[in-house]
Amino acid sequence: MKAAVIGVGHLGQHHARLLASLPGVSLAGVVDINKDRAARIAGDYGTTAFGDPGEISGLEIAVIATPTESHSAIARPLIEAGVHTLIEKPIAQTLAEADALIAAAKQSGAVLAVGHSERFNPAVTAARPYVNDPRFIEVHRLGTQLGRSLDIDVVLDLMIHDLDLILSLVPSEIESVEAVGVPVLTPKVDIANARVRFKNGCIANLTASRISRDQIRKIRFFQRERYVSIDTAAREVEMYQLMPQPGGLPKIDGGKLTVPGDEPLKSELEDFVAAVREKRAPAVPGEQGRAALALALRIVELMRQ
């Protein structure tokens with residue numbers, strides 16, 4: 001299948017690298033407004049730099065890794081033309097844009113996937129079978145990534161990863177949301193905290209920052225008789241649970257879990273390509289990308305009140 005990457009900056013260059021290595025996929029071109037960067041990435045992976053994706057004949061799949069504000073304008077013509085498209089998170093800038101992309105994909109039959117790569121983090125995959133009824137979730141995603149994605153708040157930049165994960169792990173509708181955010185070094189919110197209460201009683205407390213000194217990416221799940229801790233940066237999982245003992249008090253058993261797996265971005269692209277070949281929905285379809293965006297925008301709105 002002929003593939004293209006639109007936007008080969010910090011993340012897009014890795015999409016290009018991985019697509020060029022996937023069996024059955026031909027990296028037909030890369031597109032970037034920075035012509036020198038596009039030419040360099042094209043040279044690295046044996047393809048051609050283009051000024052517009054419309055210049056690539058016979059294009060079948062596209063990955064869009066441009067700034068969020070341009071996602072809809074770039075993706076919609078491709079999807080309407082039947083090009084299977086993976087859009088980096090967030091899916092779009094507004095829910096109206098997201099709805100239009102989802103509708104276009106249904107109309108054309110194109111596969112629409114959203115790049116929530118933490119879904120494919122091997123630590124998340126290893127922990128998922130043990131997270132079945134969380135009552136309290138504590139999330140810290142702290143980093144020093146102030147040099148990029150400054151067109152959006154930290155909620156849409158970083159926290160949205162964890163919002164998507166939580167929505168995929170808590171089988172309940174949202175009851176209420178509280179949030180606070182502070183623009184420290186940029187006009188956008190750089191550090192934020194949100195408290196999401198679900199109708200089943202689960203509460204998720206999330207903190208995201210792009211101005212912290214140290215990088216921390218941890219999610220802790222507390223549920224009846226079990227505790228699960230995921231370090232998505234180190235790709236490590238710890239799980240402890242109460243084990244009944246015949247005729248005696250239960251004991252605590254657990255420790256680190258084995259975490260096999262590949263690079264999350266590679267697994268994400270493999271799933272996307274497989275979804276196209278098998279004519280099935282991807283692991284993170286447009287509708288789920290929209291759900292994460294809706295919650296993120298709700299948090300952003302609350303921070304502005």
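The values are calculated or read from the model by the stated rules, or taken from the named source; none is laboratory data. What you see is a predicted model, and the numbers here were worked out from it, not measured in a lab. Cβ: placed from backbone, ideal geometry, glycine included. Neighbour counts: every protein chain shown.
Go through the stretch 38-66 residue by residue and tally those that are under 21 Å from Leu112 (Cβ atoms), surrounded by fewer than 20 Cβ atoms within 10 Å (Cβ to Cβ) and touching a strand residue (DSSP E or B) at 6+ places or on another chain (Cβ under 6 Å). Within the stretch 38-66, residues that are under 21 Å from Leu112 (Cβ atoms), surrounded by fewer than 20 Cβ atoms within 10 Å (Cβ to Cβ) and touching a strand residue (DSSP E or B) at 6+ places or on another chain (Cβ under 6 Å) number 2. So, Gly43, is that one modelled with pLDDT of 95 or more and either more than 28 Å from Ala281 (Cβ to Cβ) or among the β-branched types (Val, Ile, Thr) (or both) or not? The answer is yes for Gly43.
Only one of Leu163, Leu242 is under 20 Å from the mean Cα position of the chain (by Cα) and not hydroxyl-bearing (Ser, Thr, Tyr). Can you tell me which? Walk me through it before giving the result.
Working: Leu242 fails: under 20 Å from the mean Cα position of the chain (by Cα).
Every option except Leu163 fails the conditions.
Tell me which residues, restricted to the stretch 241-264, are polar (S, T, N, Q) and surrounded by 15 or more Cβ atoms within 10 Å (Cβ to Cβ). Quick ask: steps written out before the conclusion?
From the stretch 241-264, those polar (S, T, N, Q) are 241, 245, 258; that's our starting set.
Within the stretch 241-264, just Gln241 meets the criteria.
When you check Gly255 against the structure, is it assigned to a loop (DSSP other than H, G, I, E, B), of a type in the set (Gly, Ala, Ser) and more than 28 Å from Thr94 (Cβ to Cβ), yes or no? Here the answer is no, as Gly255 does not meet what is asked. Tell me the residue from Ser267, Ser229 that is in contact with a helix residue (DSSP H, G or I) (Cβ under 9 Å, 6 or more places away or on another chain), surrounded by 18 or more Cβ atoms within 10 Å (Cβ to Cβ), more than 26 Å from Ala113 (Cβ to Cβ) and among the hydroxyl-bearing types (Ser, Thr, Tyr), please. Among Ser267, Ser229, only Ser229 is in contact with a helix residue (DSSP H, G or I) (Cβ under 9 Å, 6 or more places away or on another chain), surrounded by 18 or more Cβ atoms within 10 Å (Cβ to Cβ), more than 26 Å from Ala113 (Cβ to Cβ) and among the hydroxyl-bearing types (Ser, Thr, Tyr). Looking across Ala104, Ala96, Ala126, Ala100, one residue alone is on the phi < 0 side of the Ramachandran plot, modelled with pLDDT of 95 or more and assigned by TED's automatic domain parsing to the domain that holds Val139. It is Ala126. Filtered by the rule that a residue be buried (at least 23 other Cβ atoms within 10 Å of the Cβ) and farther than 21 Å from Ala274 by Cα, the stretch 74-100 gives Pro90, Ala92, Ala98. As a summary of the residue check, Val155 satisfies the conditions (1) in a strand (DSSP E or B); (2) closer than 21 Å to Ile87 by Cβ except for the one numbered (1). Filtering Ala110, Ala105, Ala100, Ala39 for residues that are free of Cβ contacts under 8 Å to residues at least 40 places away in the same chain, assigned to a helix (DSSP H, G or I) and closer than 19 Å to Gln288 by Cβ leaves a single hit, Ala100. Hey, does the stretch 245-258 have a residue that's out of contact with any strand residue (DSSP E or B) (no Cβ under 8 Å at 6 or more places or on another chain) and among the charged types (D, E, K, R)? No, the conditions are met nowhere in the stretch 245-258. A residue that is within 18 Å of Glu88 (Cα to Cα), modelled with pLDDT of 95 or more, surrounded by 19 or more Cβ atoms within 10 Å (Cβ to Cβ) and not acidic (Asp, Glu) can be found somewhere in the stretch 30-37.
Condition first: of a type in the set (A, V, I, L, M, F, W, C) and within 17 Å of the chain's Cα centre (by Cα). Now tell me which residues in the stretch 76-94 satisfy that. Even if it seems obvious, please write down each step before you answer.
Applying the first criterion (of a type in the set (A, V, I, L, M, F, W, C)) to the stretch 76-94 yields 78-79, 81, 83, 86-87, 91-92.
Within the stretch 76-94, Leu86, Ile87, Ile91, Ala92 meet the criteria.
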